[in-house]
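Here is the structure we will look at, set down as structure tokens.
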Amino acid sequence: MNRAELAMAYQACEVADLAAAFVRDPGEATEQAARVLAAAKALVAAANRLTTGEPPTDPLQLFAYEHPEEAAADIASWLQRTT
């Protein structure tokens, strides 16, 4: 997995975590949905960068891009928690 793919996978984990969050209050649900949408848009941007090779600008993805070993360990941990 290259750094761009790793950044995209890291962002996908964020989208999944945000989407899985349980909210009780309807107003909070709208706010949470907005966070999910923003994270999903960042995921689409990460997918687009796969073709350009440009480094990410999103802080979360940039972390994964600049620290691939730690990001890969985080993703592996996320997979163990969710499967």
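Summary table
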quantity: Amide N of the stretch 60-76 lying under 14 Å from the label point, which is placed 7 angstrom from the Cα of GLU5 along Cα→Cβ; calculated: 72
quantity: Full-stretch length increase - LEU62, ALA38 - with 0.36 nm per residue and alpha-carbon distance subtracted; calculated: 7.0 nm
quantity: The chain: translational diffusion in µm²/s, Stokes-Einstein, Kirkwood Rh over Cα pairs, 20 °C, 1.002 mPa s; calculated: 162
quantity: Extended-chain gain in nm, criterion 0.36 nm per residue less alpha-carbon gap, ALA72 and GLU31; calculated: 11.8 nm
quantity: Value at 222 nm in deg cm²/dmol, rounded to 500, when DSSP H runs of n ≥ 4 in the chain each add -39,500 (n - 2.57); calculated: -27500 deg cm²/dmol
quantity: The chain, relative contact order [Cα under 8 Å, separation at least 6], %; calculated: 45
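Since every read-out is calculated from the coordinates, none of them should be taken as a lab result. This is a predicted model, so every value here is computed, not measured. Glycine also receives a Cβ, built like all others from the backbone with ideal geometry; neighbour counts cover every protein chain displayed.
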